[in-house]
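J.: First, the structure itself, so that you have it in front of you.
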Amino acid sequence: MKITVLAGGVGGARFLLGARQYLRDAGADPAADLTAIVNTADDLWLAGLRVTPDLDSILYALAGVNDTARGWGRAGDTEVVNTELAAWGAAWPWFTLGDLDIAASLARTAWLRDGLPLAEVVTRLAARWDVGARLLPATGDEAETIVHLAAPADDGRTELHFQEWWVRYRAALPAASFEVRGAADARPADGVLDAIATADVVLLAPSNPVVSIGSILEIPGIRDALGRTTARVVGVSPIIGGAVVRGMADACLTAIGVATSADAVARRYGSRTDGGLLDGWLVDTVDAGVVDALTADGIPTRAVPLWMTDPATTAQLVADAVDLAN
Ligand code: FO1
């Protein structure tokens, strides 16, 4: 069974660990059957380095070298280079790049400068470990999320790069809108449209619906491919009991006028029968009350445990999603 997952960073990584486990338990080879299409709109240039947070969070998690406490970066990393960069004012003092992380970004930047597409760079970085999945950037073109602020920041700026809004301001400056700048001219990375077209099931990870999954959908061609695929498209709610599972997705949902609830996110994605995305939607058991109304409105919904405590628990969640698809 070929599974293609649309994913953001930390939540996407946890979900993919479960998807890999699900395929292993089924006797399949996840390296051949599991493809992740990963958000690249959080990416940035910093101190001359191309940094790709969501791709790296997923790569490190699948490789088993991630910092599980922080949720991003490499386990046991040090900050020698970052401290030097900060002393020169060449990096952001509020954005910590570990030394091992910088090494990955150096390798990535060098290969990009050599002219390799980002998808090829990701394959090279992943080849070092037994990742057990194919990782594809949504696009190899630079298309980054810019946050338009509802009111100017203290220094008068009215727009910030997503990372500054997210990490420096912890999404606390009210946003008016999000723009994936450059998306209109971006193309899906090699393999992305094919991975959607040839999948048996496409899963939307419980990632940020606005700045992770939403940004992937901004890349021209991806939404259409989801509409056309013969695979069923099933999403997993990132909202449990009216609260975000992790991160600050509520700030993003509020900005686009969507309530922080499992059913509001499903309605935002929409039913495929109505030109939306979803053939199915999983909510947590605490949100079982929304199942009937969503199902009646064309989004077949089931309530199952959504907490991704460990790969075995998450594998059951993936099994539930596949079951709903079938
Ligand atoms: N998140 C933080 O909260 N603080 C940081 O200093 C930070 C540094 C960082 C460096 C490299 C990287 O790949 C990710 C990093 N993140 C950091 C996580 C990241 O900014 C966001 O959580 C994601 O982009 C949102 O998915």
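J.: Filter the trypsin sites (Lys or Arg not before Pro) in the stretch 1-82 down to the DSSP loop ones having no more than 16 other Cβ atoms within 10 Å, then list what survives. Working shown, then result.
T.: Numbers: sites: K2, R14, R20, R24, R50, R70, R74; in loops: K2, R70.
When the trypsin sites (Lys or Arg not before Pro) of the stretch 1-82 are filtered for loop state and at most 16 Cβ neighbours within 10 Å, K2, R70 remain.
J.: Here's a follow-up. Can you pull the Kirkwood radius for the chain, inverse mean 1/r over Cα pairs, to one decimal in Å? Write down the numbers at each step before the final one.
T.: Numbers: mean 1/r = 0.0504 Å⁻¹.
About 19.9 Å for the chain.
J.: Out of the DSSP beta bridges found with both residues in the chain, what percent are antiparallel (nearest 5)? The partial results should precede the final answer.
T.: Numbers: 16 of 40 bridges.
Beta bridges within the chain, antiparallel portion: roughly 40 percent.
J.: Taking only Cα atoms of the stretch 14-110, what ratio of Rg to Rh do you get with Rh as the Kirkwood inverse-distance radius? Walk me through the numbers on the way to the answer.
T.: Details: Rg = 15.4 Å, Rh = 14.7 Å.
Result: Rg/Rh = 1.05.
J.: May I pose another question? How far apart, in nanometres, would the label points at S177 and A32 be if each is projected 7 angstrom from Cα along the Cα-to-Cβ direction?
T.: Placing both labels 7 Å beyond Cα along the Cβ direction yields 4.7 nm.
J.: A follow-up question, please. Compute the distribution of all C-alpha to C-alpha distances in the stretch 187-261, in bins of 5 Å from 0, and list the percent of pairs in each, rounded to whole numbers.
T.: That works out to 3, 16, 22, 22, 15, 13, 8, 0, in percent per bin.
J.: Something else: May I ask you to rank V322, V245 by accessible area, largest first, using a 1.4 Å probe over the protein chains only? Please report the intermediate quantities before stating the final value.
T.: Numbers: V322 5, V245 35 Å².
If we order V322, V245 from most to least accessible, we get V245, V322.
J.: Be a star and scan the stretch 202-233 for residues whose amide nitrogen sits under 15 Å from the point 7 Å along the Cα-to-Cβ vector of I256.
T.: Counting only backbone N, you get 204-220, 222-224.
J.: Select from the stretch 84-146 those trypsin sites (Lys or Arg not before Pro) which occupy a DSSP coil region and have at most 13 other Cβ atoms within 10 Å, ordered by residue number.
T.: Details: sites: R108, R113, R124, R128, R134; in loops: R128.
Hits after loop and neighbour filter: R128.
J.: Sequence-distant or interchain residues sharing an amide H contact under 5 Å with R50, placed H: which?
T.: Residues meeting the amide H criterion: T109.
J.: Determine Rg/Rh for the stretch 99-142; Rg is computed over alpha-carbon atoms and Rh is the Kirkwood hydrodynamic estimate from the same atoms.
T.: Taking Rg over the Kirkwood Rh, I get 0.96.
J.: Run the quick spin-label model on W129 and D292: label points 7 Å from Cα toward the beta carbon, then report their separation in nm to one decimal.
T.: Placing both labels 7 Å beyond Cα along the Cβ direction yields 4.6 nm.
J.: Which residues among the stretch 36-69 fall inside the zone where the amide N is under 16 Å from a point 7 Å beyond the Cα of A90, along Cα→Cβ?
T.: Only 45-51 pass the distance filter.
J.: Mind listing which chymotrypsin sites (Phe, Trp or Tyr not before Pro) in the stretch 1-97 are in a DSSP loop and have 12 or fewer other Cβ atoms within 10 Å?
T.: On the way: sites: F15, Y22, W45, Y60, W72, W88, W94, F95; in loops: W72, W88, W94, F95.
Passing sites in the stretch 1-97 are W88, W94.
J.: Based on C-alpha coordinates, I'd like the Rg and Dmax of the stretch 211-326, in Å.
T.: 13.7, 36
J.: Rank L116, L204, L97 by mean-square fluctuation in a GNM of the chain with C-alpha springs under 10 angstrom and give only the top-ranked residue.
T.: L116
J.: Could I ask something else about it? Roughly how many nanometres apart are two label points built 7 Å out from the Cα toward the Cβ at K2 and R70?
T.: 3.7 nm
J.: Which three lengths, in whole Å and largest first, does the stretch 55-188 cover when its Cα atoms are put on their principal axes?
T.: Result, largest extent first: 46, 37, 28 Å.
J.: So, with +1 on the Cβ of K and R and -1 on the Cβ of D and E, and no other charges, what is the size of the charge dipole of the stretch 217-326 about its Cα centre, to the nearest 20 debye? Mind showing how you got there, number by number?
T.: On the way: 8 positive and 13 negative charges, 52 e Å.
Around 240 debye, computed over the stretch 217-326.
J.: For the stretch 1-104, with all protein chains present and a 1.4 Å probe, just round the carbon and sulfur fraction of the accessible area to a whole percent.
T.: Details: 2100 of 3820 Å².
That fraction is 55 percent.
J.: Rounded to the nearest 20 debye, what is the charge dipole size of the stretch 23-90 about its Cα centre when +1 sits on each Lys and Arg Cβ and -1 on each Asp and Glu Cβ? It would help to have the intermediate numbers written out before the result.
T.: Values: 4 positive and 11 negative charges, 14 e Å.
So the magnitude is around 60 debye.
J.: Express the carbon and sulfur contribution to the solvent-accessible surface of the stretch 150-269 as a percent, rounded to the nearest whole number, probe 1.4 angstrom. Walk me through the intermediate numbers first.
T.: Numbers: 2360 of 5050 Å².
Summing carbon and sulfur atoms, their accessible area is 47 percent of the total for the stretch 150-269.
J.: A follow-up question, please. In the Gaussian network model of the chain, springs joining C-alpha atoms below 10 Å, which of I239, I219, I102 carries the largest mean-square fluctuation?
T.: Most flexible of the set in this elastic network: I102.
J.: Against the longest alpha carbon principal axis of the chain, how many degrees, from 0 to 90 and to the nearest 10, is the axis of helix 53-63 turned?
T.: Tilt of helix 53-63: around 70 degrees.
J.: Right, something else. Per residue, what accessible area does the stretch 1-107 have, given a 1.4 Å probe and all protein chains present, in Å²? Don't skip to the answer; put the middle values down first.
T.: Details: 3950 Å² over 107 residues.
Using a 1.4 Å probe on heavy atoms only, each residue of the stretch 1-107 averages 37 Å².
J.: May I pose another question? Relative to the longest principal axis of the chain, what angle (0 to 90°, nearest 10) does the C-alpha long axis of helix 99-113 take?
T.: Orientation of helix 99-113: about 90 degrees from the principal axis.
J.: Okay, next question. Ranked from the most accessible area to the least, with a 1.4 Å probe and all protein chains present, what is the order of M1, M308?
T.: Working: M1 85, M308 15 Å².
So the residues, ranked largest to smallest area, are M1, M308.
J.: Here is a further query. For the stretch 109-172, what is the accessible area per residue in Å² when the probe is 1.4 Å?
T.: Numbers: 3180 Å² over 64 residues.
On a per-residue basis, 50 Å².
J.: Something else now. With charges only on Cβ, +1 for K and R and -1 for D and E, what is the dipole size of the stretch 99-149 about its Cα centre, in debye, rounded to 20? Can you show the working numbers first?
T.: On the way: 5 positive and 8 negative charges, 36 e Å.
For this selection, approximately 180 debye.
The values are calculated or read from the model by the stated rules, or taken from the named source; none is laboratory data. It should be emphasised that the depicted structure is a prediction, and the values quoted were computed from it without experimental measurement. Quick reminder, even Gly has a Cβ in these numbers, built from the backbone with ideal geometry, and neighbours come from all protein chains shown. Calculation scope for accessible area: heavy atoms of the full protein, side chains included, ligands and nucleic acids excluded. Shrake-Rupley method; radii C 1.70, N 1.55, O 1.52, S 1.80 Å.
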